[in-house]
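Read through the structure below, which is laid out as structure tokens, and then see the notes.
Just so you know, all these numbers are worked out from the coordinates, no wet-lab data involved. Just so we're clear, the structure is a prediction, and the values are computed from it rather than from any experiment. Here the Cβ positions follow ideal geometry from the backbone for every residue, glycine too, while neighbour counts run over all protein chains shown.
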Amino acid sequence: MSAATGVAGGRPSADLRPSPRRARRLVGDYLPAVLVAVAGLVIWELAVRGLNMRAFILPAPTAIASALGTYWNDTRFPVSKAALNTLTEAIGGFAIGTGAGILVALVATRWGVARALLLPIAVAANAIPIIALSPLFNAWFGITNPLSKMMMAAVLSFFPVMANMTRGLSGADPAALELMRSYAASEATILRKLRFPNSLPYLFTALKLASTLSLIGAIVAEYFGGQTAVLGQLVITSISALRFDVTWACITLAAGAGIVFYLLLALAERLVIPWHSSVRDPG
């Protein structure tokens, strides 16, 4: 039985070996996006120069790149250190929110009473404006404590993970559930063999959404005080100093970190659930 058509655990295994057909498909999928991005940067540069835009309106991409190089290890605007600290806060909050979301989903799926109690609380927490929570977290955990920023990122990461995980765990095929129970399978076995595999596509969808939300939460929380070497505070400082190229450099780093975070999760999705239709190559 070949690797391309083999069966493992009842699901077709993925052939992850590179092939000319797959390479052409990847080029066809990503080349248009790359070309659009390059064209957008060129148009941006030409428009700024042609219209003589002031830096506070919109700096040119070359000015932003120059600021990244100039202030990468600077003492006044330490953009590399700020990006690392913010990314640490975002990843910490992502881990906390994801873990809490999965735990609540497991409890809510297992016990109906817990589901009736926990889900309204989770919905209410998600409806609270995040700018109202940040001062509270600063008071609870300390304004300079990175945990206060992690908790903000965790709040934004929690709800999509909890909602999607609950849907995946409770959405297992009724016929498969009935079959396993007819063989006297325990709830733990049903969870491990049926519910959890069924929830993985939903979970990865939520994780990719939470990856960007965690960065947003961490940066917004930084606006309310804390360490100086973080992207949120660096944006405020650079705007106050009229260094808008540094401001856009911070924005670029945040966007780049979000893209990399998302792509890493997309890669993990392909490795963990290669059998699912959302990641399996057609044909």
Taking the highest mean first, how do the peptides 33-46, 100-113 order by number of other beta carbon atoms within 10 angstrom per residue? 100-113, 33-46
Using only alpha carbon positions, build the gyration tensor of the chain, then give the equivalent ellipsoid semi-axes as the square roots of 5 times its eigenvalues, largest first, whole angstrom. 41, 28, 13
Using helices alone, what [θ] at 222 nm do you get for the chain, with -39,500 (n - 2.57) per DSSP H run of 4 or more residues, divided over all residues and rounded to the nearest 500? -24500 deg cm²/dmol
Tilt of helix 112-127 relative to the longest C-alpha principal axis of the chain, in degrees (0 to 90, nearest 10)? 10 degrees
At 0.692 mPa s and 37 °C, Stokes diffusion of region 170-266 via Kirkwood alpha-carbon radius, µm² per second: 197 µm²/s
In angstroms, what radius of gyration and Dmax does region 194-244 have, counting Cα atoms only? 17.2, 57
Could the peptides 126-135, 156-165, 142-151 be put in order, highest first, of the mean number of other beta-carbon atoms found within 10 Å of their residues? 156-165, 142-151, 126-135
Separation in nanometres of the label points that stand 7 Å from Cα toward Cβ, at His276 and Thr228: 4.5 nm
